[in-house]
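Just below is one structure, and these are the notes that go with it.
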Amino acid sequence: MAQLEGIKVAILVAEGFEQVELTAPRKALDEAGAKTFIVSPAKGEVQGWKHFDKADKFKVDVPLDQANAADFDALQLPGGVANPDQLRTNPKAVQFVRAFFDAGKPVAVICHGPWTLIDAGVVKGRTVTSWPSLRTDLTNAGAKWVDQEVVVDNGLVTSRKPDDIPAFNSKMLEEFAAGRDRGQAGGAARQQSGRGAAQSHSTH
């Protein structure tokens, strides 16, 4: 298993996220030594769902208004229908997500989570998967959509549904470990060739 000691991972969610798509990846990250932080526009606690029913509430570790992508090494986005639909209309959330891509940091997204990636403008030219209902949206945004349990494209890990979580977790751990190595080796070069405002997000 990839060892992620010292890596800080932001888990961005709004109300209505699919609970297992947060808890199972978070458990895998924690067991690999990462430090995970729930980031949310919700105040104090954020409500998880199990399919169409309310499930548990989770403590918000970092309010979205105070979150800075530069403080984290990687990003995980759970799905659930209501969750990404709220995030994609929140300018701060969209900016937060985009900053990880601008800085070349790894991102893992499952189920309906890629909806937010569309509004962040980061899927064009990427090969991704998702919950099937997002196929048209992702294709229209310039992505190549495939029906596979897990897809890795240059640090972006995507999966379709909760059944894919074991494969999703495995590739997420690999990419987050590789992202740390790339960040240590390529940080200075990225700052030299950074894309405008993205430079401010590529330092730690």
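The values are calculated or read from the model by the stated rules, or taken from the named source; none is laboratory data. Being a predicted model, the structure only gives us computed values, none of them experimental. Positions of Cβ are generated from backbone atoms using ideal geometry, with glycine treated the same way; all protein chains shown enter the neighbour counts.
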In the set 13, 9, 46, which member is within 18 Å of residue 115 (Cβ to Cβ) and either surrounded by fewer than 22 Cβ atoms within 10 Å (Cβ to Cβ) or in contact with an Asp or Glu (Cβ under 8 Å, 6 or more places away or on another chain) (or both)? 46
Per the filter on region 139-173, residues within 17 Å of the chain's Cα centre (by Cα) and farther than 24 Å from residue 19 by Cβ are 143, 152, 153, 154, 155
Which members of region 118-142 meet the condition of being touching a residue at least 24 places away in the same chain (Cβ under 8 Å), closer than 19 Å to residue 168 by Cβ and either among the aliphatic types (A, V, I, L, M) or touching a Cys at 6+ places or on another chain (Cβ under 8 Å) (or both)? 122, 128, 130, 131, 138
List pairs: first residue in region 77-94 and under 13 Å from residue 118 (Cα atoms) and β-branched (Val, Ile, Thr), second residue part of a helix (DSSP H, G or I) and at pLDDT 95 or above anywhere in the structure, Cβ distance under 8 angstrom, at least six positions apart or on different chains. 89/119; 94/87; 94/116; 94/119; 94/120
Considering (1) over 18 Å from residue 159 (Cβ atoms); (2) in contact with a Lys or Arg (Cβ under 9 Å, 6 or more places away or on another chain); (3) touching a residue at least 24 places away in the same chain (Cβ under 8 Å), say which one residue 62 fails and leave the rest. (2)
What number of residues within region 15-27 are in a helix (DSSP H, G or I), among the hydrophobic types (A, V, I, L, M, F, W, C) and in contact with a helix residue (DSSP H, G or I) (Cβ under 9 Å, 6 or more places away or on another chain)? 2
Only one of 74, 103, 70 is touching a helix residue (DSSP H, G or I) at 6+ places or on another chain (Cβ under 7 Å), within 20 Å of residue 17 (Cβ to Cβ) and aliphatic (A, V, I, L, M); which? 74
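Yes or no: residue 73 under 12 Å from the mean Cα position of the chain (by Cα), more than 28 Å from residue 133 (Cβ to Cβ) and modelled with pLDDT of 95 or more?
Against the criterion (under 12 Å from the mean Cα position of the chain (by Cα), more than 28 Å from residue 133 (Cβ to Cβ) and modelled with pLDDT of 95 or more), residue 73 qualifies.
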Subset of region 84-129 (residues that are out of contact with any strand residue (DSSP E or B) (no Cβ under 9 Å at 6 or more places or on another chain), at pLDDT 95 or above and charged (D, E, K, R)): 88, 92, 98, 102, 119, 124
Identify, please: which residue in region 156-197 is basic (Lys, Arg) and assigned to a helix (DSSP H, G or I) and is, among those, modelled with the lowest pLDDT? 190
Cβ-Cβ under 9 Å, sequence separation 6+ or interchain: first residue in region 15-42 and touching a residue at least 60 places away in the same chain (Cβ under 8 Å), partner among the acidic types (Asp, Glu) and not in a strand (DSSP E or B). Which pairs? 16/85; 32/5; 34/5; 34/73
